[in-house]
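Below you'll find the structure, written out as structure tokens, and then a few comments.
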Amino acid sequence: MTTYFINCKTLDELKKSYKAAAMKYHPDMGGDTATMQAINAEYEARFEVLKRSQNTQAAEDTTGRTKATTESAGDFIRIIDQLLKLDGLEIELCGRWLWIGGNTKQHKEALKAAGCRWSSTKKLWNWHFAEDGSHWHRGCKTMAQIRSKYGSTTFSRDATRNDALPA
């Protein structure tokens, strides 16, 4: 049944694998529409299973460390699709945050329209799903500290460096 996301046990792992598959099979990257549609359908189904599991764990977690999510599979699919259409970007996934660098100046308005925000301290654009009722605060961690804590997979449209889970 599952062909692209076999080993994904968390939403973070699933997103890494989806990003790797999108970089390989997206029509703007030399893939075809039918394959990408199959990947999207499988991603959505697996996302819902993992989301239910995470939300169940969050309900049972008395420490409050596990958080429930209202994110849908389509939220991540949309942002990856939008970013892959822009040339010259380097897209990095750290945990559940996307960090966008490279030639971003020419795509400033498109990045804003996609819901990305500029981080003046890191000199990178970023995107994450904003959960209802929660807010993010400006942290003082460097990108090296963020990468160390959450791991990192980096892709660009021109060249792919893939240290993600196998797709």
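Any idea which of (1) within 18 Å of the chain's Cα centre (by Cα); (2) free of Cβ contacts under 8 Å to residues at least 24 places away in the same chain; (3) in a loop (DSSP other than H, G, I, E, B) is the one T63 doesn't satisfy?
(1)
Scan region 1-12 for residues that are part of a helix (DSSP H, G or I) and either over 15 Å from the mean Cα position of the chain (by Cα) or loosely packed, with under 15 Cβ neighbours inside 10 Å (or both) and jot them down.
none
How about region 138-147: which of its residues are part of a helix (DSSP H, G or I) and under 16 Å from R96 (Cβ atoms)?
M143, I146, R147
When A68 is evaluated against the numbered criteria (1) touching a residue at least 40 places away in the same chain (Cβ under 8 Å); (2) under 17 Å from T10 (Cβ atoms); (3) part of a loop (DSSP other than H, G, I, E, B), which criterion, by number, is the only one it fails?
Every listed condition holds for A68 apart from (1).
Which of the numbered conditions does G102 fail, given that it passes all the others? Conditions: (1) in contact (Cβ under 8 Å) with a residue 12 or more places away in the chain; (2) farther than 28 Å from S148 by Cα.
Among (1) in contact (Cβ under 8 Å) with a residue 12 or more places away in the chain; (2) farther than 28 Å from S148 by Cα, G102 violates only (2).
Among the residues of region 104-117, are any modelled with pLDDT under 85, assigned to a loop (DSSP other than H, G, I, E, B) and of a type in the set (A, V, I, L, M, F, W, C)?
No, that holds for no residue.
Among the residues of region 91-133, which ones are of a type in the set (D, E, K, R) and crowded, with 19+ Cβ neighbours inside 10 Å?
Of everything in region 91-133, just one residue is of a type in the set (D, E, K, R) and crowded, with 19+ Cβ neighbours inside 10 Å, namely E92.
Condition check ((1) out of contact with any strand residue (DSSP E or B) (no Cβ under 9 Å at 6 or more places or on another chain); (2) surrounded by fewer than 18 Cβ atoms within 10 Å (Cβ to Cβ)) across all residues:
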position	(1), (2)
L14	yes, no
D28	yes, yes
M36	yes, no
A45	yes, yes
D61	yes, yes
A68	yes, yes
I79	no, no
Q82	yes, yes
G88	no, yes
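The values are calculated or read from the model by the stated rules, or taken from the named source; none is laboratory data. All of these numbers come straight from a predicted model, not from anything done at the bench. Because the Cβ atoms are built from the backbone with ideal geometry, glycine has one as well, and the counts that use them run over all protein chains shown.
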